[in-house]
Amino acid sequence: EVWYPGWTARLDGAPAPLARANYLFQAVPVPAGQHTLELRYRPLSFYGGAALSLAGLALLWVVWKRTRRAHG
């Protein structure tokens, strides 16, 4: 995978260090043996977008409630 801010790694369920490799790629040191490596991409923009979406839905709900109350 290409290295970019927002990536996290877990090795056998525990947080693992994520480093750049060959400038463009990401690397995780893994000891010998069988392991499970999980990579996730969750940039800060994901959380900001989710918060704005929830705020927009809440505002839409309030406007809808007021409109229905005003029209009977």
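Looking only at the range 32-51, residues that are loosely packed, with under 11 Cβ neighbours inside 10 Å and either modelled with pLDDT of 95 or more or assigned to a strand (DSSP E or B) (or both) come to 5 in all. Please verify whether Gly6 is at negative phi and surrounded by 10 or more Cβ atoms within 10 Å (Cβ to Cβ), treating the condition exactly as stated. Here the answer is no, as Gly6 does not meet what is asked. Within the range 16-30, the set of residues being within 12 Å of Tyr4 (Cα to Cα), open to solvent by less than 90 Å² (accessible area, probe 1.4 Å) and not in a strand (DSSP E or B) comprises just one member, Leu18.
The values are calculated or read from the model by the stated rules, or taken from the named source; none is laboratory data. What you are looking at is a predicted structure, and each value in this text was computed from that prediction instead of being measured. FYI the Cβ positions are ideal-geometry reconstructions off the backbone, even for glycines, and counts take in every protein chain you see. Accessible surface is based on the protein model in full, side chains and every heavy atom, while ligands, DNA and RNA are left aside. Shrake-Rupley method; radii C 1.70, N 1.55, O 1.52, S 1.80 Å.
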